[in-house]
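See structure below.
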Amino acid sequence: MEKVLFSEEQRFNQWWIKFIAMASLLAVLIPILVRIYTQVMGSNPLGDTETSLEGLVVSGIVSVVVIVFMFIVIFASQLKTKITTEALFVIYSPFKRNWQKFTPEQISRYEIRTYRAKREYGGHGIKTRRRYGSAYTISGNVGMQLYLKNGKKLLIGTQKKQAFEYAMRKLMEGEE
């Protein structure tokens, strides 16, 4: 049985993402609710054309469902990293359904490094850029940069840089 040397699970839990979620919902709901209220109460309809009450309700429901779905996907996202005595494994669910496996034979070198998510990769998430390679990040600015023997690069974000580096060294040296 493989011995687990390192394990980490990250999720989106930044306060500003929750703020954006609530602000988005309110930005959609408030105008629609005001419009519905003015039509139900019999005041003058807003705008140039009068929209039916049913149309307003349907557009409100569709908008809320789309926004809620987007944020459910974001909050359900998680980056899992595991290093065993055999290989490094990484998965970014729900976007990647299977663990990616990297054996010592596939890795030419590795390093812990500081990165700039927006500048290098266009933000957090699963990103690929020609110059920097691929990245799996959730938050922060520290990651394990893998240089693969096939010429590709992969950055895996981490909040546990020392433990990650220690486990990688054990994996690459073949120690248990």
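The values are calculated or read from the model by the stated rules, or taken from the named source; none is laboratory data. All figures in this text were calculated on a predicted structure; none of them were measured in a lab. So basically every Cβ, Gly included, is an ideal-geometry build from the backbone, and we count neighbours across all protein chains shown. Surface accessibility is based on the protein's heavy atoms, side chains included, excluding ligands, DNA and RNA. Shrake-Rupley method; radii C 1.70, N 1.55, O 1.52, S 1.80 Å.
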> Filter region 75-90 for residues that are assigned to a strand (DSSP E or B) and either charged (D, E, K, R) or open to solvent by less than 10 Å² (accessible area, probe 1.4 Å) (or both); which is nearest to Tyr166 (Cα to Cα)?
Replying inline: Ile83
> Can you tell me which residues in region 1-31 are acidic (Asp, Glu) and either over 28 Å from Val90 (Cα atoms) or modelled with pLDDT of 85 or more (or both)?
Replying inline: Glu8, Glu9
> Inside region 107-152, can you point out the residues that are over 15 Å from Thr81 (Cβ atoms), hydroxyl-bearing (Ser, Thr, Tyr) and assigned to a strand (DSSP E or B)?
Replying inline: Ser108, Thr114, Thr128, Tyr147
>> Can you report the number of residues in region 92-107 which are buried (at least 17 other Cβ atoms within 10 Å of the Cβ) and either free of Cβ contacts under 8 Å to residues at least 24 places away in the same chain or not β-branched (Val, Ile, Thr) (or both)?
In response: 2
> If you scan region 1-12, which residues turn out to be open to solvent by 100 Å² or more (accessible area, probe 1.4 Å) and either in a helix (DSSP H, G or I) or closer than 10 Å to Gln78 by Cβ (or both)?
Replying inline: Glu9, Arg11
> Name the residues in region 142-160 that are open to solvent by less than 20 Å² (accessible area, probe 1.4 Å) and of a type outside the set (A, V, I, L, M), would you?
Replying inline: Gly143, Gln145, Gly157, Thr158
>> Just to be sure I understand the filter: pairs with C-beta atoms under 9 Å, separated by 6 or more residues or on different chains, first member in region 54-68 and farther than 18 Å from Ser24 by Cβ, second member polar (S, T, N, Q). Which pairs pass?
In response: Leu56/Gln39
> What tally of residues in region 108-119 results from selecting those that are farther than 19 Å from Asn13 by Cα and surrounded by 17 or more Cβ atoms within 10 Å (Cβ to Cβ)?
Replying inline: 2
